[in-house]
Amino acid sequence: MRLWSRHPVLCVIVAALALGSLASLIPSYRLFIVGQLAVVIMVTVALAVLMGGAGLLSLASAAFMAVGGYSVIIAMTQLHLPLLAAVPLVVLGGAALGGLLGFVTLRLAGFYLAIATIGFLQVLLQGLKHGGALTGGAYGLVMPPLELPFLPELSVESVAAIAVSLMVVTVGGAVTTMRSRIGRAWIALRDNEAAAQMQGIDVRYMKVLAFAFTSGIISLAGVLHAFLLSGTNPSTYTMSLSIFHITLVVVGGMSGSILGAVLAPLILFFLPETFSALGEWRDFFYGTILLLTLVLMPSGISAGIRSVAIRLAGPRARRV
Amino acid sequence: MSALLEASDLRVSFGGVHALDGFSVAVDEGEIHGIIGPNGAGKTTAINVLTGFVKLHGGRVRFGGHPLPGRPHLIAQAGIGRTFQSSAIFPDLTALENVMCGGHRWSRTGLFGCMVRSKVARAEEAELRRMASVWLERVGFQFPHEAPVRALPFGEHRKMEIARALMGKPRLLLLDEPTAGLTPTEVHLVGRLLKALRSDSAHPLSILLVEHNVPFIFSLCDRVTAVDKGATIVSGSPAEIRRHGGVIQSYLGNEGAAEPQAVPRRGETHLAEGTPPVLEMRQVEAGYGRVKVIRGIDLKVGAGELIVICGRNGAGKSTLLNALVGQPRVLGGQVLWFGERIDGLSVSQIVRKGLALVPQERGIISEQSVEANLKLSTIGLRLRRAEYRARRDSLMERFPKLWERRTQIAGTLSGGERQMLALAKALIRRPKLLVLDEPSIGLAPTIVEALAGMVADICRDGISVIVAEQNVWWVAPLAQRAYLLESGKFIAEGAPEDVIHRERILENFLGETDTDEMPPELGPAFAESPGAEILSAQRDVHGG
Ligand SMILES: Nc1ncnc2c1ncn2[C@@H]1O[C@H](COP(=O)(O)OP(=O)(O)OP(=O)(O)O)[C@@H](O)[C@H]1O
Ligand SMILES: [Mg+2]
């Protein structure tokens, strides 16, 4: 615990490498799903910060995944940027676009904000479908071979392992941020905007920052998603994908806690995926788990775990 | 020397309401300045103007010789801190984190630094943490600093908010009723703290505070400004204000006199033999989750009786009253209503029987108008329109100010007006038992007097009343019995004067520094209660 609070970067790097190499031991047909799980966790964690932490409802997660996927391919094929330059650029671009979305929707809150982000998603989707050669129209784009300096061709398996590592980095970054002055400022402005302002918190800046931070992460997840699927397809990035993400955040808990955002995808994405033998019953299974978790833990998994922890360890149990 | 803060001739109107209409105040460097005035006079609006939440329609404000910046966070950064009249805490953060938020103004780490927890970020975080716990100690916060704050007593929220405001190292501190809901000892502590802050040479602080606690404000402030109907009546030393005819008439009432007098006489006891009491509690236990907040509560209320429950912040008063209406549920013992058990019934069933609670959080519907609030609270009574009108009109005679505001949205009422509305909502149901949780908080002295008269009238009509209060002087002369609650148990009961005397002793015992002996007057029940140990531990912390 001390090591973590002193040297979080070190801890995260070690954990990322460890989990990444552990993941590469998994048989490859499974590894693909594990990679996707990592992507879903990244998105859920980002949204948990945005919605649970800063209280900003957004249905634009699918849009930013599309931004990540499309622009990384465009950057590599049209601009001929190397992979290692393209990805950071795309993440920064996604963050900037997110910041812009946050800025223009500053005056909106709650459902109004959610609806505005749906508008953004729809505009973007239409743009992608009718973008001609640039976006590949209804077929989307195909991923060029992925080349790193010492690895001529990156396999899907290594992408999945890398995704696991980056997921660990994201989770670490989200946890440290939420437990810093910025995370507290987000929770403060969510709970009481007037009181937050009187602490000298620039509420507008903080909201834009929350959008930028989380959109950057979601764009990175979108990049990895496109790598895993070797391309983009506009029919992936729909509103139902956004709604799936929001479901995960709600099940995880809307308190700004990251733990729930990691566990919810495990329960609601990974479990149904692994029992693929369920076939047609898969959706039934998903729905049942969804109902069960919400009925048993009405404020989400993180709150549920917390009350169990308090029962076991007394009220001294820390926030998780 | 020119004043640190100079506001002259401020004007604000909401629709047709002139909330401020010629309000002026000047606060010097290092001064403690008080603002008094009736409910709805515009005091909170003035503070909202000074912190950028409400736009001025006229007038001029200068802070440190400059005009105020336009937005609240810039004003905070310029060095004005404030607390809010109704709790404005961040319920999902711990107490320590709440206070740490106050340091946002002067901490600088950016997003990247926070994310990788850079060296600078760690140092800053440690400093925030250290200062926050120092402030929590200094305001006398009584709970673990890592405690979740949502369920803490109201008074603790107040103290935490003061600590949070101080954390921002302001030059001017605006406090909106900082002592509402605090016990006399805590009020004393806050007064001492404010005085110490003012004379802290390293970091001089000026304070502007709004209060209805008249003795507190007169003993603490260098100067006092009295307002009425949005305008400054007079500004001067406490002695001048106390003598000012206009202030006495509009605000102080009898409080201006040395001792509160002219209070109505206490009625007869109606605990008649044979008939069951209106309410009886037998060995009641209640709490949240597995934690029992109150234990072994025995209480009887006869028809037309007035019962006072006093005790410290966090002693369990609100839990006891809320348990009466079934929220939280009674975990053990019995609650009898005219001899019939009502523990286990739902809140709405209990309320329908004729028990009306005015909770500390006031239970008004903020998005609805005053009139709609009244009407909604009669739902289920199936009143005919004429009957409703008659009840409403007779109530509004008691609360003329509220009637002027009948079309206003309840959420925008002033603190005191909201309080009156909550009372009116309970009274319009004509309950058989009225339960009031700290009803005097936020009310001007004249209104508190009116409240005393009203409660006396209510009892005379045969309605029983239970009042839980920190500030008992106004009800004690009316009450048949008083109970002293400590750590969830009654440690004294009997004639109000005796019980209050015990409470004073307990309070003094907590406030003193140099005795270790528990005063014998507190009695064996107290010495045995688990609270005794906690209290002496707390006393050591505060005394040292
Ligand atoms: N947004 C608003 N719309 C309409 N009227 C308002 C609004 N805000 C405040 N008022 C009215 O302005 C008047 C002044 O309110 P303010 O809150 O400043 O009173 P106050 O002096 O703080 O009273 P209290 O002692 O009860 O807290 C009140 O009558 C209130 O009803
Ligand atoms: Mg007020």
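The values are calculated or read from the model by the stated rules, or taken from the named source; none is laboratory data. Fair warning: this is a prediction, and the values are worked out from it, not measured in the lab. Ideal geometry is used to build each Cβ from the backbone, glycine not excepted, and the neighbour counts take in all protein chains shown. What goes into the accessible areas is simple: the full protein's heavy atoms, side chains included, and nothing from ligands, DNA or RNA. Shrake-Rupley method; radii C 1.70, N 1.55, O 1.52, S 1.80 Å.
Across region B:80-168, the mean sequence separation of Cα contacts (distance under 8 Å, 6 or more residues apart), normalised by length, yields a relative contact order of 52 percent. Structural descriptor for region A:188-320: relative contact order 18 percent, calculated from alpha carbon pairs under 8 angstrom and at least 6 residues apart. Rounded to the nearest 10 square angstrom, B:Leu383 shows an accessible area of 50 square angstrom against a 1.4 Å probe. Assuming a ≥ b ≥ c are the square roots of the Cα gyration tensor eigenvalues, decide whether chain A counts as rounded (a/c under 1.5), prolate (otherwise, with a/b larger than b/c) or oblate. Rounded. Entry comment: accessible area of region B:80-168 is 35 Å² per residue, from protein heavy atoms only and a probe of 1.4 Å.
To the nearest ten degrees, helix B:530-543 and the longest principal axis of the Cα atoms of chain B are 20 degrees apart.
In this simple spin-label model, placing a label point 7 Å from the Cα along the Cα-to-Cβ direction at both A:Leu92 and A:Ser240 gives a separation of 3.8 nm. Based on C-alpha pairs under 8 angstrom that are at least 6 apart in sequence, region B:311-466 has a relative contact order of 26 percent.
Between the amide H of B:Leu331 and those of B:Glu285, B:Ala286, B:Gly287, distances stay under 5 Å, these residues lying 5 or more places away or on another chain, with hydrogens modeled in the peptide plane. The heavy atoms of B:Asp92 offer some 50 square angstrom of accessible surface to a 1.4 angstrom probe. Each of B:Asp222 and A:Ile310 was given a label point 7 Å from its Cα along the Cα-to-Cβ line. The distance between the two points is 4.5 nm. Put a plus charge on the Cβ of each Lys and Arg, a minus charge on the Cβ of each Asp and Glu, and nothing anywhere else: the dipole of chain B about its Cα centre is then about 2120 debye.
Largest first, the three principal axis extents of the alpha carbons in the protein assembly as shown are 95, 70, 63 Å in whole numbers.
In this structure, the pairs whose alpha-carbon distance is over 28 Å, taken from B:Lys43/B:Lys317; B:Lys43/B:Lys489; B:Lys43/B:Lys159; B:Lys317/B:Lys401, are B:Lys43/B:Lys317; B:Lys43/B:Lys489; B:Lys317/B:Lys401. Here r is the Cβ-Cβ distance between A:Arg282 and B:Arg282 and R0 is 56 Å; the resulting FRET efficiency, rounded to 0.05, is 0.50. The fraction of accessible area contributed by carbon and sulfur in the protein assembly as shown is 60 percent, rounded to a whole number (1.4 Å probe; ligands and nucleic acids excluded).
Across region B:367-382, computed HN-Hα scalar couplings (Karplus, 6.51 cos²θ - 1.76 cosθ + 1.60, θ = phi - 60°) run 7, 9, 6, 4, 4, 5, 4, 4, 5, 4, 6, 8, 4, x, 7, 6 Hz from first to last residue, x flagging Gly and Pro. Three principal axis extents describe the C-alpha atoms of region A:68-227; from largest down they are 54, 35, 22 Å. Mean-square fluctuations from a GNM of chain A, with a 10 angstrom spring cutoff on Cα atoms, peak among A:Ala48, A:Ala195, A:Ala15 at A:Ala195.
Residue-normalised convex hull volume from the C-alpha trace of chain B: 167 Å³ per residue.
Scanning chain A for DSSP H helices at least 27 Å long along the axis (C-alpha atoms) with a Kyte-Doolittle mean no lower than -0.5 picks out A:28-47, A:83-104, A:110-129, A:156-178, A:203-229.
Here B:Ser348 and B:Lys55 are evaluated by their C-beta separation; at R0 = 45 Å the FRET efficiency comes out at 0.60. What is the local net charge at B:Ser369, summed over the other residues whose Cβ is closer than 12 Å to its Cβ (Lys, Arg +1; Asp, Glu -1)? That works out to +1. The figure for B:Ser250 is an accessible area of roughly 30 square angstrom, using a 1.4 Å probe on the protein chains alone. Is there a quick way to get the dipole size of the protein assembly as shown? I mean about its Cα centre, with the Cβ of Lys and Arg at +1 and of Asp and Glu at -1; what is the value in debye to the nearest 20? Computed about the Cα centre, the dipole is about 1580 debye. Residues whose amide H comes within less than 5 Å of that of B:Leu357, counting only those at least five positions distant or on another chain, are B:Val435 (H built at 1.01 Å from N in the peptide plane). Take the Cα of B:Leu111, go 7 Å toward its beta carbon, and the backbone nitrogen atoms of region A:76-98 under 11 Å from that spot belong to A:92-98. Using a simple spin-label model with pseudo-atoms 7 Å out from Cα toward Cβ, A:Leu106 and B:Glu497 lie 6.4 nm apart. Based on protein heavy atoms only, region B:1-71 ends up with 39 Å² per residue of surface accessible to a 1.4 Å probe. Give, as a single signed number, the net charge of other residues whose beta carbon lies under 12 Å from the beta carbon of B:Trp135, with Lys and Arg counted +1 and Asp and Glu -1. With Lys, Arg at +1 and Asp, Glu at -1, the net is +4. Taking R0 as 41 Å, what's the FRET efficiency between A:Leu79 and A:Leu296 from their Cβ-Cβ distance, rounded to 0.05? Once rounded, the FRET efficiency stands at 0.25. Average projection, convex hull of the Cα set of region B:80-168: 5.8 square nanometres.
Solvent-accessible surface, computed for protein heavy atoms with a probe of 1.4 Å, shrinks by 10 Å² or more for the following residues of region B:57-84 when the other protein chains are added to the isolated chain: B:Arg71, B:Pro72, B:His73, B:Ala76, B:Gln77, B:Arg82, B:Phe84. Over the residues of chain B, the helix contribution to mean residue ellipticity at 222 nm works out to -11000 deg cm²/dmol, using -39500 (n - 2.57) for each DSSP H run of at least 4. Need the per-residue list for region A:190-210: every residue with at least 50 Å² less accessible surface in the complex of protein chains than in the chain by itself, probe 1.4 Å, sorted by number. Those residues are A:Asp191, A:Gln197, A:Met198, A:Gln199, A:Gly200. Karplus-based coupling profile of region B:408-421, in residue order and whole Hz: 6, 6, 4, x, 9, 5, 5, x, x, 5, 4, 4, 5, 4, with θ = phi - 60° in 6.51 cos²θ - 1.76 cosθ + 1.60 and x standing for Gly or Pro. Compared with its chain on its own, region B:112-151 contains the following residues whose accessible area drops by 50 Å² or more in the full protein assembly (probe 1.4 Å; ligands, DNA and RNA excluded): B:Cys114, B:Met115, B:Arg117, B:Arg122.
Excluding ligands, DNA and RNA and using a 1.4 Å probe, chains B and A jointly bury around 3400 Å² of accessible surface, summed across both partners.
With protein chains left intact and a 1.4 Å probe, residues in region A:2-239 average 40 Å² of accessible area per residue. Over the residues of chain A, the helix contribution to mean residue ellipticity at 222 nm works out to -22500 deg cm²/dmol, using -39500 (n - 2.57) for each DSSP H run of at least 4. Between the amide H of B:Ile309 and those of B:Val467, B:Ala468, B:Glu469, B:Tyr483, distances stay under 5 Å, these residues lying 5 or more places away or on another chain, with hydrogens modeled in the peptide plane.
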